[in-house]
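The values are calculated or read from the model by the stated rules, or taken from the named source; none is laboratory data. Here the structure is a predicted model, which means the values were calculated and not measured. Cβ sites come from the backbone with ideal geometry, for glycine too, and all protein chains shown count toward neighbours.
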There are 4 protein chains.
Amino acid sequence: MQPLEKINSKKNKARYEIVLHTLLNKFEIINTELSMEENRIFIHNTSGRIKNMDSIQTKLVKKGCEPGYEMAMERINDIVGVRAVCYYMDDLYRVADTLSRHTDMEILRIKNYMEHPKKSGYRSLHMIVKVMITFSGKQEWVKAEIQLRTFAMDYWAVLDHQLRYKKGSLDINAKDGMEIEKELLDYAGALETIDKKMMKIRDKIEKI
Amino acid sequence: MQPLEKINSKKNKARYEIVLHTLLNKFEIINTELSMEENRIFIHNTSGRIKNMDSIQTKLVKKGCEPGYEMAMERINDIVGVRAVCYYMDDLYRVADTLSRHTDMEILRIKNYMEHPKKSGYRSLHMIVKVMITFSGKQEWVKAEIQLRTFAMDYWAVLDHQLRYKKGSLDINAKDGMEIEKELLDYAGALETIDKKMMKIRDKIEKI
Amino acid sequence: MQPLEKINSKKNKARYEIVLHTLLNKFEIINTELSMEENRIFIHNTSGRIKNMDSIQTKLVKKGCEPGYEMAMERINDIVGVRAVCYYMDDLYRVADTLSRHTDMEILRIKNYMEHPKKSGYRSLHMIVKVMITFSGKQEWVKAEIQLRTFAMDYWAVLDHQLRYKKGSLDINAKDGMEIEKELLDYAGALETIDKKMMKIRDKIEKI
Amino acid sequence: MQPLEKINSKKNKARYEIVLHTLLNKFEIINTELSMEENRIFIHNTSGRIKNMDSIQTKLVKKGCEPGYEMAMERINDIVGVRAVCYYMDDLYRVADTLSRHTDMEILRIKNYMEHPKKSGYRSLHMIVKVMITFSGKQEWVKAEIQLRTFAMDYWAVLDHQLRYKKGSLDINAKDGMEIEKELLDYAGALETIDKKMMKIRDKIEKI
């Protein structure tokens, strides 16, 4: 078993940076294509990150795995993660569909937290993909995670993140914590309603 | 009377670009200062633009003024406009207050569309300011407009803008248009409710 | 024969923007890979542009072609052009070689203005390539030009450009113009000498 | 005596970042102003950095000072350092002169390494300045260093830096090292000659 530290080798760092750039470039390209087709901007903003070793270790332990390099390669799909924020809910499917036509990418799995939100209220469209890069003169496929959100989903998630993690000490099993969780869940619902109505208004306008 | 075209002189273009940079830099600085004090990011994103001559002309005509250069200088306050998007409603007052301490800036007027939303539902904190720049070796004061919004206000405004202007032909006096306007107004209210509850949750967490 | 204006169709604009992003992303990726291998930065800066219709027309006329759309497609290779600036002369070959391993790109032709400088003194490594993009759900290959330069070549070219085009009126057939051309040619030689010695010093240091 | 670590306090970090932004913004502004006046770009690129504590400590020890916080405040002028690269030698004086008109900045000292190059061949125009910032609601003046270079000076300096520091082990007192130093010094001279001739060509063209 190789130690988890291998994740931080010069070669792996370069590899993951290349995957990150490649995926962010795909968002750029898809935005250009879809914005041209629909006469409006599709992707509001994008971001990406490479998971650090500590987070990988924590995640492996949580999954009940031995925290070694091979396990990380096998079980952690989001060492590279990118995110795009769109305007309307159906835009997310459109972006996902456009991505699926790229021959240097393969969608391995879709986690549809729009149709099936997480218990917390979290909504988003996640995809585990593998993407082909040319590295050290050879082609290779690397796994990554793509998250697609609407403006409203991102709004909720950013605040949820800020609120939950602001005080690392926040014990969300305690009574107060549960109350806050409950409130956030309610807002997630309110924002979903807004997301849906926005699509309806858009459709109405297009029909006038 | 000098012609409105003077707005586009090489010198004016440079002047307004300098004002734009100066104000965006102030957002950057204030974000650094307040993020340090509060241990969280204050300003999510910023943007800015210089109003083009056609828009200035249209605005002058709408105000019932002669569309000449002097009138533009006197009556149009937002030739340079910048915007910052924050997380919480009270952040906007904090940013405004921090700006007011800058000796190279003076706040001329505050339009508080948070307390008094526009008829459409539009909420925001607008400030007409004058800012000092060093240009061609001399100090001069130039007017500009600063808009401060929360994430939720911006969400609404972006969609409102997309929806209203998507079809320039949209006749908002027509029955369909009015219906849509009504819906947007309702959502503005819904988002304001969310804005207020978010502050409450934040305060609760900080007290735990 | 289709009119040249077709170059500016919404679809072509999006297509060329996608090619531009794709090539700039390749520079980013290659820089990551080679910087990792050599423990120093490889690419100092990059830039790119889409040729406007007027320049395409001028170029077609200069080549003695009818200025229509099909001719532009056939004869103009640099509608999309990208440039990377490296530190050492042999870096250019290294970048070119790394690019040649990418399966979504094919190098059609190399114009080696390092070994065979232009009459003006211009040195650079140009490549005409075709690059594969996924556009409107299909794969297609689009031609583009890649220019690789050292810092010193870029220094010369930037000044050459500034000097030659500063006054569009500059008649370089006139006696004064020829004198200036002659001087620039001499400096090109001086900078080539510096480029070569820099590589020698680098090699010396690596051997100490 | 306060410990040097105080340099890294949250407050100092924010303060130095604000100074950095403020100075980079000045370059942006000055570039806009001078480019407008001369119809050509003045500043090719800019960069900046905040000196880390280790480098400050090393510098204090080298100066024979006790490595404490007060000494750093008194003796280290370049905790914040910014750099701008211009095209022509006389541009540097023009940028310096324009900066000197800014009322929120004061030039404390000029080190003219153009007229008096360092022993190594290094040429540049350095200025120790103090700049006024609004921080925590109050005005304060902070010291910083501004470096102005031509393209050619930067070319030399970048390669000099790469070559000298590539191998930290390079013993420049050794025979090989001295030889390399000598070569770099010669190239500095060659590049200075080119810098001067470039200005002459520019002047010739402007007179045609």
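Checked against the criterion of being over 13 Å from the mean Cα position of the chain (by Cα), within 30 Å of residue A:13 (Cα to Cα) and among the β-branched types (Val, Ile, Thr), region C:70-84 contains not a single residue that satisfies it.
When residue D:93 is tested against (1) within 30 Å of residue B:96 (Cβ to Cβ); (2) more than 13 Å from the chain's Cα centre (by Cα), just one condition goes unmet, and that condition is (1). For region D:193-203, indicate whether the set of residues that are assigned to a loop (DSSP other than H, G, I, E, B) and either in contact with a strand residue (DSSP E or B) (Cβ under 7 Å, 6 or more places away or on another chain) or buried (at least 19 other Cβ atoms within 10 Å of the Cβ) (or both) is non-empty. No, every residue in region D:193-203 fails to be assigned to a loop (DSSP other than H, G, I, E, B) and either in contact with a strand residue (DSSP E or B) (Cβ under 7 Å, 6 or more places away or on another chain) or buried (at least 19 other Cβ atoms within 10 Å of the Cβ) (or both).
With respect to being more than 14 Å from chain D (Cβ to nearest Cβ) and either closer than 30 Å to residue A:39 by Cα or within 24 Å of the chain's Cα centre (by Cα) (or both), residue B:157 fits the description.
Considering the conditions (1) under 18 Å from residue A:50 (Cα atoms); (2) in contact (Cβ under 8 Å) with a residue 24 or more places away in the chain; (3) out of contact with any Lys or Arg (no Cβ under 6 Å at 6 or more places or on another chain), residue A:77 is excluded by exactly one of them, (3). State all residues of region A:96-106 that are within 14 Å of the chain's Cα centre (by Cα) and exposed (fewer than 15 other Cβ atoms within 10 Å of the Cβ); if no residue qualifies, say none. None; the set is empty.
The number of residues in region D:23-49 being under 19 Å from residue D:76 (Cα atoms) and surrounded by 16 or more Cβ atoms within 10 Å (Cβ to Cβ) comes to 2. Being within 14 Å of chain C (Cβ to nearest Cβ), surrounded by fewer than 15 Cβ atoms within 10 Å (Cβ to Cβ) and of a type in the set (Asp, Glu) is the requirement here; does residue A:74 meet it? Judged against the criteria, residue A:74 is not a match.
Comparison of A:29, A:7, A:107, A:50 shows that the only residue that is hydrophobic (A, V, I, L, M, F, W, C), in contact with a strand residue (DSSP E or B) (Cβ under 9 Å, 6 or more places away or on another chain) and in contact (Cβ under 8 Å) with a residue 24 or more places away in the chain is A:50. Residues that are acidic (Asp, Glu) and in contact with a Ser or Thr (Cβ under 9 Å, 6 or more places away or on another chain) were ranked within region C:155-208; the one that is modelled with the highest pLDDT is C:195. Here region B:22-40 is the region considered, the condition is being among the hydroxyl-bearing types (Ser, Thr, Tyr) and within 26 Å of residue D:31 (Cβ to Cβ), and the residue that is nearest to the other protein chains (Cβ to nearest Cβ) is B:32.
With respect to (1) at pLDDT below 95; (2) in contact with a strand residue (DSSP E or B) (Cβ under 7 Å, 6 or more places away or on another chain), the lone exception for residue D:136 is condition (2). When residue B:5 is tested against (1) assigned to a helix (DSSP H, G or I); (2) within 13 Å of another protein chain (Cβ to nearest Cβ), only condition (2) is not met. The listed residues are A:13, A:51, A:118, and the only one of them that is away from chain C (no Cβ under 14 Å) and within 24 Å of residue C:29 (Cα to Cα) turns out to be A:51.
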